[in-house]
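Shown next, in C-alpha cells, is the structure this report addresses.
The values are calculated or read from the model by the stated rules, or taken from the named source; none is laboratory data. What you see is a predicted model; the values in this text were computed from it and never measured. Every residue, glycine as well, gets a Cβ built from its backbone with ideal geometry; the counts of neighbours run over all protein chains shown. All accessible areas refer to the heavy atoms of the entire protein, side chains included, with ligands and DNA or RNA removed. Shrake-Rupley method; radii C 1.70, N 1.55, O 1.52, S 1.80 Å.
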Amino acid sequence: MKIQGLLLSIFLISNSSAQDYNNKNHPSKSLQAFRLEEKIILDGRLTEKIWQNESVSEFTQRDPIEGNKPSQRTKVWVGFDEEALYVAAKLYDSAPDSIVSRLARRDESVSSDQFEFQVDPWLDHRTGFFFRVSVSGAVRDGILFNDESDDDSWDGVWESATSIDYDGWNVELRIPFSQLRFPEKEVHTWGVNFIRKIWRSNERVEFVMIPKESSGKVSWFAHMNGIKNIKQPKHVEFLPYAASRSEFIQPESGDPFNDGRELFNQIGFDVKYGLSSSLTLDATINPDFGQVEVDPAVVNLSDFETFFPEKRPFFIEGANIFTFGSGGVNNNWSFNYGDPAAFYTRRIGRAPQGRPIQEYDYSSVPSGSTILGAGKISGKLTPEWSIGVVNALTAREYAELDLNGSKLREEVEPVTNYTVLRTQREFKEGRHGLGVIGTGVKRNLPAGNLEETLTISAFMGGVDGWVTLDNDKMYVVNGWIGTSRINGSENVITNIQSSSPHYFQRPDVDHIRVDSTSISMTGMAGRLYLNKQKGNVILNSGFAMVSPGYEVNDLGFQWNADQINWHLTTGWKTSDPGKFFRSQFHAIATFRNWDYEGNKYGEGYFLFANFEFLNYWDLSFDLVYNPETLNKSHTRGGPFTKMPISKFRSINLNTDGRKSLSFSAGIQYGTATRQYFSYNTGVTWKPNSTFKIDISPRYSWDITEAFYVGEQEDPLATATYGIRYLFAETDNRSASIGTRISWTFSPKLSLQFYMQPLIFAIKYVDYKELAEAGEFKFNIYGQDNGSTISQSDDGSVFTIDPDGEGAAEAFDIDNRDFNFKSFRGNAVLRWEYNPGSVFYLAWTQNRSDFESGNGLFDFGNDTNALFNTEPDNIVLAKISYWWNP
C-alpha cells in the first residue's frame, strides 16, 4: 500500500508540474525551398542570386537561457535542383575575431562554432537525417530515429564549404538526393530544423526551439514547402578496397608457424543498391571486417562476459533499425538488471570457440572467423513501416598444430550462418508502435569435438512495442516479450544449463534441475516499462522477467537468467538557471530481484544528484544502500549465500569543457564484504585549433572478504550439499592511463594516437570454505575445525586438509596470486582523398606480461617489466574508392 500511495502521489504531482508543457502546442513554423536557376559554386561565400531570396531568421535561444533572443543574428536559405538539396546560412557575429574554429576528424565532437541542418524527408515526425558543419569545415552526420534519438554511424556522401568574413561566418551544404530517402510524388513537404552553436558563450539557438523539459525532436520540425518535380536517383554505390597487413608477432622458440613476421593482402568490395526510394541493400564480397581501433584491456575475474561495443562500419551503420525493446520512450533506466540484447553484432566473426583436443607442441589458431559474405537490407516500406534483414556466412576455421615436427590440422569453428529479421510499424505519428524480431544461428557441425562444444542451432523470436497513454505524449508504456530455443548434443545443453547465467545445478532450489539427457533448451523473457516523457517531475518504473532457460548468447548478449526485476525511479529536474545553478537533477530509486522460486536476491536504494553551475562546471554524486539479502551467484552454481549490508558512494566533478584546458575527477568508495576505492581523473588540453590530447588516469583498490576460488566435492560437507565451496580474501589493485592524441591537419586529413598501459595485481589470503548454505559464514583453513594449509616449496600449490585429523581427504589448489601488465596502443592516419573515398594507415602495438605467484602491486617494477617485454606490432594500409555511377 505504501508503494501504491507513492505512485499515486507522484502521478498527481507530475501531472500538475507538466501542465505548462501540455498547453504548449508545437510551433507551426514553415519555410519555402527555392529551385535553383544557376549553378552553385560551393565556396562558402553566398554570392549566388538564390541566397538573396527571403531567408528564415526567427531563431530562439535554447542555451544558456531558454526562450531568450539570440545574441547574434542568423539567416538560412534552402534551394534545390534535379540532383541535390542546398542549404546556406549567414551566421552573423559582432566579434568575428572571437569565433572559435577548431578542427576534428569526421564524426568527432568538436569545440567550435557550428551549424546543423536536420531534415525529415518522409514527414513521419519520427525519423530523419542531420548534417553538422563547424566553422573550420569539420563535419558530422547521422540519422534521427525514435523522434529524439540520433546515430552518427551513418556516413553520407555530401559536401560543404565555410568562410569567415568581416561580419561573421558562412556555410554552404550540398546534399545529393541519392543520400536521402523520400517518397516518390510530385509535391513534397519535408520537416526541417536549423541549429546554431556559438561556442565561446555556450549559446545554442534553434529555428524551432524545443523546450528542454519536453519530449521529442523530429515531431517539432517546421514544414518546408516548395520542393516538387524531383525524383529519387537510382541509388547504386560501389566501394572497392585493397588492404595489406604486416604482423610482427614475437615468436616462441622453435615455433614453425611464426617466424616473427607475416604479410596478408586482401581485396574486396561493398555494394549499396537502392531497392526502392527508401529501401537499401548492402552487400559485401570478401569483406574487410577488421576494426582499425583497439579494444581497451580488461581483467575479468567475474562469471559474467565482458561486453565490447561494435566498431566495424558494416554493422554499426543503420544499427538502430535492429534495436529491440526500447522504442517509444526517451529513458530506459534499469537497476541490477540488463536487458538481454537480441542482436550483438560482435558474435559474427568472433574468435573460434573450439579448442584443439589433440596433443601438440605448437599451434596457430585464427584470431577471428572469416566472414565469407554478408548482406543487409534496411529502410522503410512506408513512412510508418521499417524493415531490416542481415545475413552473414562465416567460414570453417582450422587450428594448425605441430607435434614433434608432424603437422596436424583440427577444426575449431564450423561454417556458420547468421540471420536477423526485424520489422516495426508505427501508428498515429509514432504515438504507438509494434514490432517483431527473429534471429537464427545455424552451424554445420562435424562429428567430434565441436559437436560436443557448440550448439547446432539457436533461435530467438520476439514482439515489442509501445503505447502512448495520453494526447500530450506525457506517459508511454513500452514492452517486449521473447522466446528462445537452442539445440545441441546432450553435453552441450548440459554445459549451458550449468553455466553462468543459468546455474541449473543450484542444490537449494526446486524450480530448476540439470537435465543431462536434454538436447534442447527453451525459455521466455520480457519487460514492461512506464516512462514519463517530459516535465520537471521524473517518473520511471519497470518490471522484467527472464526465465531460467532463456538463452540468446549465440547471436545476442545476455548477463542473467532466472530473474524477476522491478524498479521505481522518481525525482525532479530543472534547466532554469537560478542563483547558483544553471540546471539540476535529483532522483531516488529502488529495485528488487527475485528468482523464479520467489527468493529475493537483490534489493537496493539509490540517491542521485547532478548540478551544473553557472560557470558550466558540473558536480554529481550517487549514494547506494543495499540491505542484507541472498546472493545466488556467489558460489557460481552452488547454494545461496547471505550478503551483508553494503553501501556505495561516488562523486564526480567536471570543469568547463569549452576551455583550452579542462579537468575531471571522480571518487568511488564502497563498504561491506568489499572495501572498494577507486579514483579517476581526466585532463583535456586543446592548445590550438588542430591539436587535442586527453589523458585519463585511473586507480582502484578492492579488498574482498570472500572471493570465489573453486569447489571440491566431499560427501562429508553436508552443510553445503556435499561440496566444499572455496573462497579467499583478495587484495587487488589496478592502475591504467588512457591517452588519446588527435592531430587534425584538415577536415579530410587526421592522425590519432591511442595508448593504454594497465597494471593489475591480485593477492589471495585466508583461504576458506563456506560453512553453511544460505549464510555468510566461513571456515578459514589453518584456523577453524582443526584444518591445516601448507604451501609447496616453490609456492605454486597449497595443500589443504579441511578437518585435520578428521575423515575428510586433503586436496590441492593452485596459488592464484598473479600480476598482469598490458600496453595497447595504435596510431591511425585517415585521409578522405575524395568524397566517400578513404585511405587508412594504422599501426598497432600490444605488450603483455603475466606473472603468477606474486600478486603484490609494485607500480615501478611492474611498469619496468611491461616495457621490457618484447612487443607485437601490426601495420595496416587500406584504401577504398567510392563510386556512384
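Taking the conditions (1) open to solvent by less than 30 Å² (accessible area, probe 1.4 Å); (2) of a type in the set (Ser, Thr, Tyr); (3) not in a loop (DSSP other than H, G, I, E, B) in turn, residue 189 satisfies each one other than (1).
Once region 438-470 is narrowed to residues that are open to solvent by less than 40 Å² (accessible area, probe 1.4 Å) and of a type in the set (Val, Ile, Thr), the residue that is nearest to residue 545 (Cα to Cα) is 439. For the list (1) open to solvent by 10 Å² or more (accessible area, probe 1.4 Å); (2) assigned to a loop (DSSP other than H, G, I, E, B); (3) over 18 Å from residue 207 (Cα atoms); (4) hydrophobic (A, V, I, L, M, F, W, C), I need the number of the one condition that residue 104 fails. Condition (1) is where residue 104 drops out.
Filtering region 619-666 to residues that are in a loop (DSSP other than H, G, I, E, B), open to solvent by 40 Å² or more (accessible area, probe 1.4 Å) and polar (S, T, N, Q) leaves only 660.
Conditions (1) within 30 Å of residue 135 (Cβ to Cβ); (2) open to solvent by less than 40 Å² (accessible area, probe 1.4 Å), marked per residue:
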residue: 680; (1), (2): no, yes
residue: 688; (1), (2): yes, no
residue: 698; (1), (2): no, no
residue: 701; (1), (2): no, no
residue: 710; (1), (2): no, yes
residue: 725; (1), (2): no, yes
residue: 736; (1), (2): no, yes
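Could you tell me how many of the residues in region 406-442 are over 15 Å from residue 391 (Cβ atoms), of a type outside the set (Ser, Thr, Tyr) and not in a loop (DSSP other than H, G, I, E, B)? Adding up the residues that qualify gives 16.
Quick check: is even one residue across region 239-261 under 27 Å from residue 31 (Cα atoms) and in contact (Cβ under 8 Å) with a residue 12 or more places away in the chain? Full working, then the answer.
Here is the first cut: in region 239-261, the ones under 27 Å from residue 31 (Cα atoms) are none.
There is no residue in region 239-261 that is under 27 Å from residue 31 (Cα atoms) and in contact (Cβ under 8 Å) with a residue 12 or more places away in the chain.
Candidates are the residues of region 48-98 that are among the hydrophobic types (A, V, I, L, M, F, W, C), under 38 Å from the mean Cα position of the chain (by Cα) and farther than 23 Å from residue 121 by Cβ; the one that is least open to solvent (accessible area, probe 1.4 Å) is 91. Figure legend. Inter-residue proximity from region 318-334: first residues touching a residue at least 24 places away in the same chain (Cβ under 8 Å), second residues among the aromatic types (Phe, Trp, Tyr) and buried (at least 18 other Cβ atoms within 10 Å of the Cβ), beta-carbon distance below 6 Å, spacing 6+ or different chains. Indicated pairs: 320/145; 322/343; 325/480; 327/466; 328/466. Here residue 831 clears all of (1) in a strand (DSSP E or B); (2) over 24 Å from residue 878 (Cα atoms) except the condition numbered (2).
Taking region 217-255 only, how many residues are assigned to a loop (DSSP other than H, G, I, E, B) and in contact with a His (Cβ under 8 Å, 6 or more places away or on another chain)?
Number satisfying all stated conditions: 2.
A search for C-beta distances below 7 Å between a residue of region 817-835 that is open to solvent by less than 30 Å² (accessible area, probe 1.4 Å) and any residue that is modelled with pLDDT under 90 and β-branched (Val, Ile, Thr), counting only pairs 6+ apart in sequence or on different chains, returns 826/294; 828/292. Answer yes or no: is there a residue in region 196-204 that is in contact with a Leu (Cβ under 7 Å, 6 or more places away or on another chain) and closer than 30 Å to residue 235 by Cα. No; the residues of region 196-204 include none that is in contact with a Leu (Cβ under 7 Å, 6 or more places away or on another chain) and closer than 30 Å to residue 235 by Cα.
Condition check for residue 339 on (1) surrounded by fewer than 15 Cβ atoms within 10 Å (Cβ to Cβ); (2) under 30 Å from residue 592 (Cβ atoms): one failure, at (1).
Of the residues 535, 488, which single one is small (Gly, Ala, Ser), under 22 Å from residue 347 (Cα atoms) and buried (at least 20 other Cβ atoms within 10 Å of the Cβ)?
Values: 535 fails: under 22 Å from residue 347 (Cα atoms).
Sole residue among the options that is small (Gly, Ala, Ser), under 22 Å from residue 347 (Cα atoms) and buried (at least 20 other Cβ atoms within 10 Å of the Cβ): 488.
Being of a type outside the set (Lys, Arg) and either in a strand (DSSP E or B) or open to solvent by 40 Å² or more (accessible area, probe 1.4 Å) (or both): is that true of residue 794 here? Criteria met by residue 794. Of all the numbered requirements in (1) open to solvent by less than 40 Å² (accessible area, probe 1.4 Å); (2) over 26 Å from the mean Cα position of the chain (by Cα), residue 613 misses one, and that requirement is (1).
Scan region 593-610 residue by residue and report those that are part of a strand (DSSP E or B) and open to solvent by less than 40 Å² (accessible area, probe 1.4 Å). Spell out how you get there, then give the answer.
Here is the first cut: in region 593-610, the residues part of a strand (DSSP E or B) are 593-594, 600-610.
Correct list: 593, 601, 602, 603, 604, 606, 608, 609.
Does residue 187 qualify as being touching a helix residue (DSSP H, G or I) at 6+ places or on another chain (Cβ under 9 Å), of a type in the set (A, V, I, L, M), at pLDDT 90 or above and closer than 30 Å to residue 125 by Cα?
No: the conditions fail for residue 187.
Of the numbered criteria (1) under 19 Å from residue 437 (Cβ atoms); (2) in contact (Cβ under 8 Å) with a residue 40 or more places away in the chain; (3) not acidic (Asp, Glu), the one residue 496 fails is (1). When residue 379 is tested against (1) of a type outside the set (D, E, K, R); (2) at negative phi; (3) in contact (Cβ under 8 Å) with a residue 60 or more places away in the chain, exactly one condition is not met: (2).
Let's see how each residue does on (1) in a loop (DSSP other than H, G, I, E, B); (2) within 28 Å of residue 424 (Cα to Cα); (3) open to solvent by 20 Å² or more (accessible area, probe 1.4 Å); (4) at pLDDT 90 or above:
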residue: 116; (1), (2), (3), (4): no, no, no, yes
residue: 126; (1), (2), (3), (4): yes, yes, no, no
residue: 132; (1), (2), (3), (4): no, no, yes, yes
residue: 136; (1), (2), (3), (4): yes, no, yes, yes
residue: 140; (1), (2), (3), (4): no, yes, yes, yes
residue: 162; (1), (2), (3), (4): no, no, yes, yes
residue: 171; (1), (2), (3), (4): no, no, no, yes
residue: 174; (1), (2), (3), (4): no, no, yes, yes
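Could you tell me how many of the residues in region 417-464 are hydrophobic (A, V, I, L, M, F, W, C) and more than 19 Å from residue 521 (Cα to Cα)? Residues meeting the conditions: 8. Of all residue pairs spaced 6 or more apart or on separate chains, those with beta-carbon atoms under 6 Å, a first member in region 22-42 that is within 22 Å of residue 118 (Cα to Cα) and at pLDDT 90 or above and a second member that is open to solvent by less than 70 Å² (accessible area, probe 1.4 Å) and of a type in the set (D, E, K, R) are 36/81; 40/48; 42/172; 42/174. Residues of region 546-581 that are of a type in the set (Phe, Trp, Tyr), surrounded by fewer than 19 Cβ atoms within 10 Å (Cβ to Cβ) and farther than 14 Å from residue 337 by Cα: 572, 580, 581. Of all residues in region 570-600, exactly one satisfies the criterion of being hydroxyl-bearing (Ser, Thr, Tyr) and out of contact with any strand residue (DSSP E or B) (no Cβ under 6 Å at 6 or more places or on another chain), namely 596.
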